[in-house]
Every structure is written in structure tokens, then in C-alpha cells.
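The values are calculated or read from the model by the stated rules, or taken from the named source; none is laboratory data. Source: prediction; values computed, not measured. Positions of Cβ are backbone-derived with ideal geometry, glycine not excepted, and every protein chain shown enters the neighbour counts.
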Amino acid sequence: MTTPYFIDTHCHFDFPPFSGAETQSIQRAADAGVKQIIVPAVEAERFSVVLDLANRHPQLYAALGLHPIAIARHTDEGLALLEQQVRRAPPGLVAVGEIGLDAYMEQPQMPRQEALLIAQLRLASRYDLPVMLHSRRTHDRLAMILRRHPLARAGVVHGFAGSYEQARAFTQLGFYIGVGGTITYMRANKTRQVMARLPLERLLLETDAPDMPPFGCQGQPNRPEYVLRTFAALCELRTEPPEQIAEIIYRNSLDLFGLSRL
């Protein structure tokens with residue numbers, strides 16, 4: 001394809017600096033070739049905000065989930081609301097997420113995290129949706145849970161920074177690996193080498209904006225258009241032509257989330 005199009009498959013567009021400046025931010029991303037953006041919710045109180053964004057802006061798509069980082073605030077009522085919304089299948093809802101495991105916190109409450117993750121995996125399976133997975137210091141445990149709770153649509157392990165062997169464990173289960181701004185940092189050699197070796201057919205591009213700014217943007221909010229910086233870094237690491245890399249990753253994103261090509 002002569003003019004590459006990109007999808008930011010993971011952007012928290014419901015937070016500043018985007019909230020209140022959605023139209024300008026969408027146009028700024030589009031001018032850089034980022035035509036579609038997937039916005040994951042992190043807790044129940046954000047569901048309506050994310051769904052409203054997807055309803056008002058055709059470039060935005062919603063994912064709904066209960067993020068492990070907020071485990072202390074999640075309730076049975078929040079899980080019930082998630083099921084209610086997923087069952088309703090509102091336009092623009094394309095995934096269950098952001099969900100997963102996080103052992104980096106001071107009080108991770110891992111048994112509760114795992115129970116909540118399994119409940120959300122079952123929801124995704126019941127309603128035939130892919131998942132957007134968060135994992136910090138939990139790759140092996142997460143892969144084990146995914147083996148026990150297989151999903152027809154699989155999903156993506158976002159912001160991946162584990163080993164090649166851990167990445168392969170996920171891809172062998174049918175999951176995609178989210179490539180973010182980490183690979184723009186030369187010091188992130190392990191992650192850079194993982195992304196150089198994995199099959200292109202298993203990779204997606206993402207920003208995790210406004211967090212995780214790429215190299216050169218430290219201290220600034222990350223933005224969807226910065227996915228191009230990650231793409232440029234990936235092209236330096238891969239042997240395939242940039243046009244092929246862009247097209248395959250774009251197609252991966254469309255296929256996983258059931259999106260239409262723009």
C-alpha cells in the first residue's frame with residue numbers, strides 16, 4: 001500500500017490530554033496516518049465515557065474491562081455492569097479489556113486478580129470478543145491461565161516486555177503481541193530483539209497513550225500519532241520492507257478486532 005495507514009490498538013483516549021480535545025486529537029492522529037484508535041476502559045465508572053467516545057467518533061472503538069491495577073476498587077457490581085454492557089453489544093465495542101494480571105503493585109491481591117481475570121475471560125468467550133491483556137511480572141502465570149481458559153477470538157498481550165520464549169508461549173496460543181514505544185529506546189535491547197524475531201503476523205502497534213512516551217518525547221504525554229515512531233523503530237529491527245510491515249500489521253489489527261479497512 002502506497003500510503004500506510006495505522007491503527008493505535010491501545011490508547012487511553014478518555015484521559016487528558018485528549019479529554020476535552022477529542023476532535024483536534026483525532027485530526028492530529030489522522031494527519032499522521034493513524035486512522036483508527038481503540039480505547040480500553042480500566043474500571044466500571046469509565047465504561048460510559050469510553051462507549052460515548054466510540055458513539056460520537058467513528059474513528060474510535062471501545063474495549064471494556066476491569067484493569068488489575070485498580071483491583072482494590074473493583075466490585076461484583078462492576079463485573080455485573082461489564083457483563084450487561086457486553087451482552088448489549090453497543091456499536092463500536094470491539095474487545096474486553098484492559099484486563100490481566102499485575103504483580104508489580106505493593107498489594108497485588110493476586111488470588112482476587114486471577115479470579116477477576118478468569119471471570120472476564122469467560123465473558124469474552126461467551127460473547128465472542130477478543131481480549132486486551134495487561135501483564136507485568138506475570139507472563140508465565142498469565143499464559144498458564146490462558147491455556148486453561150481458551151478463547152475463540154484470542155486477543156493481544158499489550159505493551160509486551162518479556163522474553164522471546166514468553167512471547168512465543170502467547171503467540172502459540174493464538175495471541176498477538178502489542179509493540180509499543182519501548183522499542184524506540186536503545187537500552188531496551190531484550191524487547192527490541194523479541195520484536196525483531198516474532199512473526200509479523202503476530203504483531204500489533206500501540207501507544208498506551210498518554211503513558212509510555214517514545215524516545216525523544218520523555219516528559220510529554222504520549223499520543224496516537226507517535227505510533228509512527230514505534231513503526232520506524234520496528235522497521236529498523238526487521239528485514240522486511242516497511243510497506244510490507246505496515247500492511248501486515250494493519251491487517252492484523254483489522255482481523256483481530258473485526259474492523260473495516262478505511
| query | Do we find a residue being over 19 Å from the mean Cα position of the chain (by Cα) and among the hydrophobic types (A, V, I, L, M, F, W, C) anywhere in segment 218-231? | reply | no
| query | In segment 207-243, which residue that is closer than 17 Å to Ala196 by Cβ and small (Gly, Ala, Ser) is surrounded by the most Cβ atoms within 10 Å (Cβ to Cβ)? | reply | Ala233
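Identify the residue in segment 1-12 that is outside any strand (DSSP E or B) and closer than 19 Å to Asp255 by Cβ and, among all such residues, is modelled with the lowest pLDDT. Break it down stepwise before answering.
Within segment 1-12, the first condition is being outside any strand (DSSP E or B), and the residues that meet it are 1-5, 9-10, 12.
Keeping just the survivors that are closer than 19 Å to Asp255 by Cβ gives 1, 4-5, 9-10.
Values: Met1: 46, Pro4: 86, Tyr5: 92, Thr9: 98, His10: 98.
Per the stated criteria, the residue is Met1.
Being touching a residue at least 60 places away in the same chain (Cβ under 8 Å) and not in a loop (DSSP other than H, G, I, E, B) is the filter; apply it to segment 157-178 and report the residue that is nearest to Asp102 (Cα to Cα). Steps first, please.
Let us first name the residues in segment 157-178 that are touching a residue at least 60 places away in the same chain (Cβ under 8 Å), namely 158-159, 176, 178.
Next cut, not in a loop (DSSP other than H, G, I, E, B) only: 176, 178.
Details: Tyr176: 19, Gly178: 17 Å.
Ranking the qualifying residues of segment 157-178, first place goes to Gly178.
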| task | Give the residue that is nearest to Ile7 (Cα to Cα), with candidates limited to residues of segment 244-262 that are crowded, with 16+ Cβ neighbours inside 10 Å and either modelled with pLDDT under 95 or among the small types (Gly, Ala, Ser) (or both). | result | Ser253
| said: Looking only at segment 233-256, filter to residues that are among the β-branched types (Val, Ile, Thr) and out of contact with any Cys (no Cβ under 9 Å at 6 or more places or on another chain); which one of those is farthest from Ala188 (Cα to Cα)? | reply: Ile248
| query | So Phe215 fits all but one of (1) closer than 24 Å to His134 by Cα; (2) part of a helix (DSSP H, G or I); what number is the exception? | reply | (2)
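Per-residue answers, yes or no, for (1) under 27 Å from Phe175 (Cβ atoms); (2) of a type in the set (Lys, Arg); (3) outside any loop (DSSP other than H, G, I, E, B); (4) within 20 Å of the chain's Cα centre (by Cα):
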residue: Asp14; (1), (2), (3), (4): yes, no, no, yes
residue: Gly20; (1), (2), (3), (4): no, no, no, no
residue: Ser25; (1), (2), (3), (4): no, no, yes, yes
residue: Ala29; (1), (2), (3), (4): yes, no, yes, yes
residue: Val42; (1), (2), (3), (4): yes, no, no, yes
residue: Ala62; (1), (2), (3), (4): yes, no, yes, yes
residue: Ile69; (1), (2), (3), (4): yes, no, yes, yes
residue: Glu77; (1), (2), (3), (4): no, no, yes, no
residue: Pro108; (1), (2), (3), (4): yes, no, no, no
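Determine which member of the set Leu121, Leu101 is touching a Leu at 6+ places or on another chain (Cβ under 7 Å) and touching a residue at least 40 places away in the same chain (Cβ under 8 Å). Can you show your working first?
Working: Leu121 fails: touching a residue at least 40 places away in the same chain (Cβ under 8 Å).
Among Leu121, Leu101, only Leu101 is touching a Leu at 6+ places or on another chain (Cβ under 7 Å) and touching a residue at least 40 places away in the same chain (Cβ under 8 Å).
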| note | Contact list, first residue from segment 13-40 and of a type in the set (Ser, Thr, Tyr), second anywhere and outside any strand (DSSP E or B) and surrounded by 15 or more Cβ atoms within 10 Å (Cβ to Cβ), beta-carbon distance below 6 Å, six or more apart or interchain, is Ser25/Phe18
| Residue match in segment 58-79 (condition: farther than 19 Å from His158 by Cβ, in contact with a strand residue (DSSP E or B) (Cβ under 7 Å, 6 or more places away or on another chain) and either at pLDDT 95 or above or not aromatic (Phe, Trp, Tyr) (or both)) | yes
| request: For segment 61-84, name all the residues that are surrounded by fewer than 22 Cβ atoms within 10 Å (Cβ to Cβ) and farther than 23 Å from Gly162 by Cα. | output: Ala72, Arg73, His74, Thr75, Asp76, Glu77, Gly78, Leu79, Ala80, Leu81, Glu83, Gln84
